[in-house]
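A quick write-up on the structure given underneath.
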Amino acid sequence: MMGRDEEVTPEDALQHYRDALTRSQELYLFNLYNFLKVAECAKEAFERKNSKYLPKEEDKNFSAKIYENDLVKAMIAEKKFLKLCAEKGLDKLINDDSLRSYYKGFADTKEYKKYLYESDGKEADRDALLSLYRHLSKDETYQEDVEDHFPTWEDDRSLVIGAMKKTIKSLPESPELYRTFRPDYEASVEFGEAMLQKVIEIDAELEALIDPALENWDMDRVATIDMILLKMAIAEFLHCPTIPTKVTLNEYVELAKMYSTDKSKDFINGILDKMMKKLDEDGKIVKEGRGLTD
């Protein structure tokens, strides 16, 4: 059925999948680069405070340590990361006024002030950087700016935020930071592309299995995303012998929560549970290892 668009070929679907992986990586890189440039605003703030004719005590004690610490220095030292951002034009998407605005909002938080005047050490630096990105990811203007450049931000948001946290927590030891969120070969190619091709290959077979399970529900009335999720899950039941059936079921229910309607998770859960039991009874589900069909 190819997403109910007859003009979409298997090659088109595969290319779209690969393009989506690339966009997700660029979205992560943009967040990382933006984060770095917001932290760099502390240098500008330091220079401004130290140039005052009559600086306050707070001004005298201010430092740019959220940028000038070993964790961020490790990031700056990643020339390949900075080069990659430039090659993809991500540096040109950055607006200096927006960076200052993001930094100013963070500078007013209790977490940042406590870090500046009461905390020291690598773990304090790490906590401050995590606080900075947490502040950015919750800032409405920041989210709007990211979405202006990357329309998939809402879909990929939780994935990117998780990758950003992982990156910050790995500093300064982790080398080649730009690789942190590159598409994993095993997951995206060996599994992802193979699964996509398998679903396309056995599309008619999958529809024949799904149709009876819908009972009085017409297949054409099932939401496109729900039908895709059902097909992917059933393909995993039948052709992924090392993935437990309940793991598959739970994962696709979670995907329904993220990408479909509020009622879809119950619909997906009900159909898949019914089909899992029927396919198992018919001997069509064969798993490797003990307990994988339980």
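Laboratory data are not the source of any read-out in this text; all were calculated from the coordinates shown. Treat the numbers as computed from the prediction; the structure is a model and nothing was measured. Here the Cβ is made from the backbone with ideal geometry for all residues, glycine too, and neighbour counts use every protein chain on show.
Do any of 65/169; 113/138; 110/169; 49/88 go past 27 Å between their Cα atoms, and which? Please list the in-between numbers first.
Values: 65/169 17 Å; 113/138 19 Å; 110/169 21 Å; 49/88 35 Å.
Flagged as over cut-off: 49/88.
In the list (1) 138; (2) 166; (3) 116, the label attached to volume of the Cα convex hull per residue in Å³ as derived from the coordinates here is (2). Among 84, 159, 272, the order by Cβ neighbours within 10 angstrom, fewest to most, reads 159, 84, 272. Calculate how steeply helix 96-107 sits against the longest principal axis of the alpha-carbon atoms of the chain, using the helix alpha-carbon long axis, and give the answer as 0 to 90 degrees to the nearest 10. The two axes meet at around 80 degrees. Between the helical axis of 245-259 and the longest alpha-carbon principal axis of the chain there is an angle of about 60 degrees.
When the inverse distances between all different Cα atoms of region 185-281 are averaged and flipped, the Kirkwood radius reads 13.6 angstrom.
For region 86-181, applying the loop criterion from DSSP together with a ceiling of 15 other beta carbons within 10 Å to the GluC sites (Glu not before Pro) yields 173, 176.
Taken along its principal axes, the alpha carbon cloud of region 10-179 reaches lengths of 68, 32, 26 Å, longest axis first.
Counting other beta carbons within 10 Å of each residue's own, what order do 135, 239 fall into, fewest first?
Numbers: 135 20, 239 15.
Lowest to highest Cβ neighbour count: 239, 135.
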